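Written out below as structure tokens is the structure these notes cover.
Please treat every number below as a calculation from the coordinates, not as lab data. Small disclaimer: the values here were computed from a predicted structure and weren't measured. No Cβ is skipped: glycine too gets one built from the backbone with ideal geometry, and neighbour counts run over all protein chains shown.
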Amino acid sequence: MDCLIVGGGLIGMLCARGLAREGAKVYLIDRGAVGHEASWAGGGILSPLYPWRYDPAVTALACWSQQHYPELARQLRDETGVDPEWERSGLLILDDDESVDALRWAAKSGVVMERLSGSAVQACEAGIGLQRSSALWLPEVAQLRNPRLLRALKQSLLQYRVNILEHVRVTRLIAEKNRVTGVETTAGRTMTDKIILAAGAWSGGLVSELQQRIEPVQGQMIAFETPPGFLSRIVLNEGYYVIPRRDGLVLAGSTMEYRGFDKQISVKAYKRLQTEAWRMIPGLADHPVKHHWAGLRPGSPTGVPYIGEHPRIRGLFVNTGHFRNGVVTGLASARLLIDMIVGRESIVISEPYAILE
Ligand SMILES: Cc1cc2nc3c(=O)[nH]c(=O)nc-3n(C[C@H](O)[C@H](O)[C@H](O)COP(=O)(O)OP(=O)(O)OC[C@H]3O[C@@H](n4cnc5c(N)ncnc54)[C@H](O)[C@@H]3O)c2cc1C
């Protein structure tokens with residue numbers, strides 16, 4: 001089986017690795033260097049923020065991925081020597097006005113969630129500055145360090161003999177009699193009868209049905225340089241969060257802006273992210289901001305990704321539209337698509353992810 005994947009973000013790379021492990025000959029094409037767009041820019045939290053607000057189809061993918069990421073991280077570290085830094089930091093949610101709904105959702109979904117009193121919140125993360133009478137605590141939420149995950153994945157793909165073509169843009173998908181036959185690229189034509197579209201925020205430019213459904217949503221983040229152990233939990237408040245990395249870097253995210261394919265960073269966003277991070281963890285004010293960046297999320301109407309074969313073009317599969325949750329849902333969504341391609345029973349029911357006509 002030959003497969004050509006358009007887009008080497010996390011989704012395309014996870015599909016490539018999964019298919020190569022099934023014995024397929026895989027070509028992965030990216031218009032830039034693989035793993036340098038949204039997947040690189042993200043925070044790597046392995047849970048949706050306020051997970052109870054999401055469609056059950058997102059929860060289903062998130063739960064499967066959460067169970068299987070530790071094994072992937074172990075495999076990648078063993079295969080490549082690059083550690084993606086899977087870390088169970090836990091998620092502390094300081095604004096818990098929706099705690100009744102949240103706890104009900106957690107009980108139904110099998111997610112461990114507790115309501116902590118004010119003193120327990122301080123015991124959970126000593127640096128918290130906001131006085132809260134209670135908070136929600138999800139001790140099993142983990143994180144991955146995106147750039148390292150992507151670096152490890154690229155090396156793993158090379159070991160699985162995936163053909164990676166970088167700095168080549170796919171300009172058009174070619175179909176005859178409702179079946180894909182190949183792609184046109186800036187480096188010429190490539191013929192194939194199986195294509196996976198995983199072009200993130202750019203996916204709408206290649207498949208007309210996705211044009212109105214996938215749009216870029218800019219997210220900016222900053223990172224503080226602190227000593228290792230300065231912060232130990234992922235902390236979330238009113239949509240803003242901080243994430244502690246093992247070496248002391250503390251990421252603070254993230255903004256949400258609909259401004260087309262614009263990755264420009266702004267002083268306004270920087271100040272907002274800094275202020276919100278300082279509010280949560282006042283001690284951050286003593287540490288410098290080392291990085292500031294932006295990425296384009298592949299926004300979709302409800303945040304449920306499109307996964308599956310195109311309804312009219314045989315051989316064309318899509319895996320896109322993961323919006324704010326492409327890391328936590330990505331592993332499951334790659335596996336689901338591969339289940340469909342190889343024709344085995346799927347890990348979750350596939351209907352909620354179908355592209356509509
Ligand atoms: C600031 C921020 C914070 C985030 N935090 C989290 C988080 O904590 N947890 C979480 O789960 N998710 C998070 N996300 C969301 C997550 O990062 C995305 O949902 C996910 O990375 C999407 O992956 P992708 O592979 O579809 O897209 P991308 O990583 O953008 O990859 C798409 C690739 O396709 C290539 N491409 C596009 N068009 C073409 C073409 N025509 N030809 C060839 N190649 C093409 C691009 O160059 C790119 O490499 C965050 C996102 C941002 C921006």
Out of Gly295, Pro305, Ile347, whose Cα points farthest toward the positive end of the dipole of the range 257-357 (charges: +1 Lys, Arg; -1 Asp, Glu; placed on Cβ)?
Gly295
Grab the Cα-Cα distance for Glu345 and Ser208, subtract it from 0.36 nm times how many residues apart they are, and report the gain in nm with one decimal.
46.4 nm
Over the chain, what is the relative contact order in percent, taking alpha-carbon pairs closer than 8 angstrom and at least six residues apart?
23 percent
If each DSSP helix of 4+ residues adds -39,500 (n - 2.57) and the sum is divided by the residues in the chain, what number results at 222 nm, nearest 500 deg cm²/dmol?
-9500 deg cm²/dmol
Note, the range 187-194: 3J(HN,Hα) by Karplus (6.51, -1.76, 1.60, θ = phi - 60°), whole Hz, Gly/Pro = x, goes 10, x, 8, 10, 9, 6, 10, 9
Taking neighbour counts of Cβ atoms within 10 Å as a proxy for exposure, in what order, fewest first, do Val207, Val100, Val242 appear?
Val100, Val207, Val242
Provide the net charge surrounding Glu184, with neighbours chosen by a C-beta distance below 15 Å and charges set as Lys +1, Arg +1, Asp -1, Glu -1.
+3
Unit charges on C-beta of K, R, D, E only; dipole of the range 219-357, Debye:
280 debye
Most to least packed among 18-24, 333-339 [average Cβ atoms within 10 Å]:
333-339, 18-24
In debye to the nearest 20, the charge dipole size for the chain, taken about the Cα centre with +1 at each Lys and Arg Cβ and -1 at each Asp and Glu Cβ, equals 680 debye
Under 8 Å for C-alpha pairs, at least 6 residues apart: give me the relative contact order for the range 1-87, rounded to a whole percent.
22 percent
A correct fewest-to-most ranking of Asp193, Asp96 by other Cβ atoms within 10 Å would be Asp193, Asp96
Ranked on Cβ counts within 10 Å of their own Cβ, fewest leading, Thr302, Thr190 go Thr302, Thr190
Using Cα pairs closer than 8 Å and at least 6 residues apart in sequence, work out the relative contact order for the range 68-142, in percent.
40 percent
Under the Karplus relation 6.51 cos²θ - 1.76 cosθ + 1.60, θ = phi - 60°, what is the ordered set of whole-Hz ³J(HN,Hα) values for the range 38-55, x standing for Gly and Pro?
3, 5, 6, 6, x, x, x, 6, 8, 6, x, 6, 6, x, 5, 7, 8, 4
For the chain, please report how many Lys pairs fall under 28 Å Cα to Cα, leaving out neighbours fewer than 8 apart on the same chain.
11
